[in-house]
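A.B. asks: If you scroll down you'll find the structure; I have some questions about it.
None of the figures in this text is laboratory data; all of them are computed from the coordinates on show. All of these numbers come straight from a predicted model, not from anything done at the bench. Cβ placement follows ideal geometry from the backbone for every residue including glycine, while neighbour counts extend to all protein chains displayed.
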Amino acid sequence: MKQAELARRTGYSRHQISNWVNDREKMSFDAAATVAFTLGCHMEELYEFHEG
């Protein structure tokens, strides 16, 4: 799904979606829940975890 479509479906701005995608800003719990529901995935799948 493109960022513009995700923005339309969630009600968040394209700018906000871009900030999350490009790791300029972290999502709130509520935003992550909304995005995960919209994408049909678990919230944990929205993040990459790195050891170290």
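A.B. asks: Using DSSP to define loop residues, name the trypsin sites (Lys or Arg not before Pro) in the chain whose beta-carbon has at most 13 other beta-carbon atoms within 10 Å.
C.D. replies: Lys2, Arg24, Lys26
A.B. asks: In the chain, which chymotrypsin sites (Phe, Trp or Tyr not before Pro) are in a loop and have at most 12 other Cβ atoms within 10 Å, using DSSP for the loop call?
C.D. replies: Tyr47, Phe49
A.B. asks: Quick check on the chain: what are the equivalent-ellipsoid semi-axes from the Cα gyration tensor, as sqrt(5λ), descending, whole Å?
C.D. replies: 18, 13, 9
A.B. asks: Run through the chain and list the GluC sites (Glu not before Pro) located in a DSSP loop whose Cβ has at most 15 other Cβ atoms within 10 Å.
C.D. replies: Taking the chain and a limit of 15 other Cβ atoms within 10 Å, the loop GluC sites (Glu not before Pro) found are Glu25, Glu48, Glu51.
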